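The block underneath contains the structure these notes are about, expressed in structure tokens.
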Amino acid sequence: MALTVKELQALTAVDKGRILTDGGSLKGQVYVARDGTVTVQFRYAFKFGKASKNILIGTWPRMGLAEIRQTRDQYRAEIQEARKTNGLDPIEQRRMAKRQQDAAREVELLKIEANKQEALLEQQNRLQHIAARQARLTVLDLFNQWKKFDLVNRADKGSEAERSFNRDVFPLLGGMAAADVTKAHIQEIVDNIKGRATASRDMVRTAKKTLADLRQMFGFALDRDYIDSDPTARIKKAKIGKDVERDRILAEPELILLFQKLPIAGMADTSQLALLLQLATITRIGEVLSARWEHVDFERRIWTLPDTKNGKRHEIWLSDFALDQLKQLHAITGLTPWLFPAARAKKDRPDFADHVCEKTVTKQVGDRQRPGIQPMSGRSKHTDALVLPKGKWTPHDLRRTGATVMAELGAIPDVVEKCLNHTEEKKVKRIYQRAQYEGHMRAAWRLLGERLELLKSYANGEAGNIVTLKIA
């Protein structure tokens, strides 16, 4: 008698193991799971040849009773057809095909696993190769790594360190493995730099700066296990020599002479204006050359430096003298974002014009204080155009000179320090001074501007005799 769905649904745990007959050689066995769920597994019994066989049809209630019977009927039809044609057992053929399929899948899985292992081994070999290559990085390779990850955080993106290394480090060590560099190599670099010293140019500070950069680079290499030891570790800065602190100040007679020489020194108008602007604002030459017009407020007479050497925003009050230099400059470069735009775009960004190199004016001033020396290729032929009586001077000396003039005109030292944008060590005093000295700072810049205007007028024959300050 055929089973009904209700009979199946009425089964309970007590029916576990019971054999149910549905007819047509279809029988089901009752199973009970741990949670009490009742299922019935149906098998179809048949003979093929002299052998009695059975095959799993399906499990209720995962398959409905009607679906189980339909599947049984399909198998029975295949078996009857095979008997008529004396063919092979179709059920056995199915089982063989399944076994072959499982075997093929197993082979495929083994291939996938083998490929994974091969890829893993290849990756490990590649990483070992990279590690071995990195362990033998050349000094030039190491510098490029250091520049990419560390030097890029410097204000100049590492350009000054790269210039120094191109001159003093790479010619000697560039192609050498970083791991092979010794103390003797570093000492040779330091000695070579010191060997370039002249009567007017001390190289101790340059040697110490290069050593400091080398120490940072090899420290970077140590952190990444590129090298086992730091070749700079036992070289002490103190043994290189004492820094000679530069204290060059232009006396007022020299300033008068400078006003006379600048227009005929063969320098671009923008370079002359940069020097005069620096002198009037006592800023750093790099801050002048990298300034943007958006930070100059002609109406309020304020020039803002948003990012300075000490990381602090700095506001400069513009005297009439400083304002006049900026107005002249604006007539030349005011249509660009920069006070001093570069003549050419960057090589890596042909569509992007930058400001001029921050070293350009310093180089121009230096080129014009080399009397009796053959002009450098591609540089100014006016080798004595800016020579002054008391010796060589640099743009940075103008900053020191302007600050000294301020002090001689009565500005108190703390005010001068604030105008120079030097940072007060004590936080409370630093905050207090900002408000307390704002008016005094404006007065100091005004006095400096008036004095420079007077000296320039005298230099141009537009003023009578003046009593010069004894600032040097």
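Where a number appears in this text, it was derived from the coordinates with a stated rule and is not lab data. This is a predicted model, so every value here is computed, not measured. Glycine gets a Cβ as well: all are built from the backbone with ideal geometry, and neighbour counts include every protein chain shown.
Side notes on the structure shown:
- Environment charge of Glu450, counting only residues whose C-beta is closer than 15 Å and scoring Lys/Arg +1, Asp/Glu -1: -1
- Sequentially through the range 278-283, phi angles give Karplus couplings (6.51, -1.76, 1.60; θ = phi - 60°) of 4, 4, 7, 10, 6, 9 Hz, Gly and Pro residues having no value and appearing as x.
- Environment charge of Val107, counting only residues whose C-beta is closer than 13 Å and scoring Lys/Arg +1, Asp/Glu -1: -1
- Computed with the Debye formula from one identical point scatterer per Cα of the range 139-240, without solvent, the log10 of I(q)/I(0) at q = 0.10, 0.13, 0.18, 0.24 Å⁻¹ comes to -0.25, -0.43, -0.83, -1.44.
- Neighbour cut-off at most 12 other Cβ (10 Å), DSSP loop, chymotrypsin sites (Phe, Trp or Tyr not before Pro), the range 313-417: Phe352
- Amide H contacts for Thr138 (H built 1.01 Å from N in the peptide plane; partners 5 or more residues away or on another chain; cut-off under 5 Å): Ala178.
- Environment charge of Ala178, counting only residues whose C-beta is closer than 9 Å and scoring Lys/Arg +1, Asp/Glu -1: -1
- Each residue of the range 13-23 was assigned a 3J(HN,Hα) from its phi angle through the Karplus curve 6.51 cos²θ - 1.76 cosθ + 1.60 (θ = phi - 60°); the sequence is 4, 5, 8, 3, x, 5, 9, 10, 10, 10, x Hz, with glycine and proline shown as x.
- The chain: relative contact order in percent, alpha carbon pairs under 8 Å with at least 6 residues between: 11
- Rg over Rh, two decimals, the chain (C-alpha only, Kirkwood Rh): 1.44
- Averaging over all projection directions, the Cα-based convex hull of the range 276-377 occupies 8.5 nm² in the image plane.
- Couplings 3J(HN,Hα) of the range 392-399, computed from phi: 5, 9, 10, x, 5, 5, 5, 4 Hz, in residue order, whole Hz [Karplus 6.51 cos²θ - 1.76 cosθ + 1.60, θ = phi - 60°; x for Gly and Pro].
- The alpha carbons of the range 231-298 give a radius of gyration and a Dmax of 18.4, 54 Å, in that order.
- Taking one quarter of the surface of the convex hull spanned by the alpha-carbon atoms of the range 5-87 gives a direction-averaged projected area of 5.9 nm².
- Over the range 252-459, volume per residue of the alpha carbon convex hull, in Å³: 136
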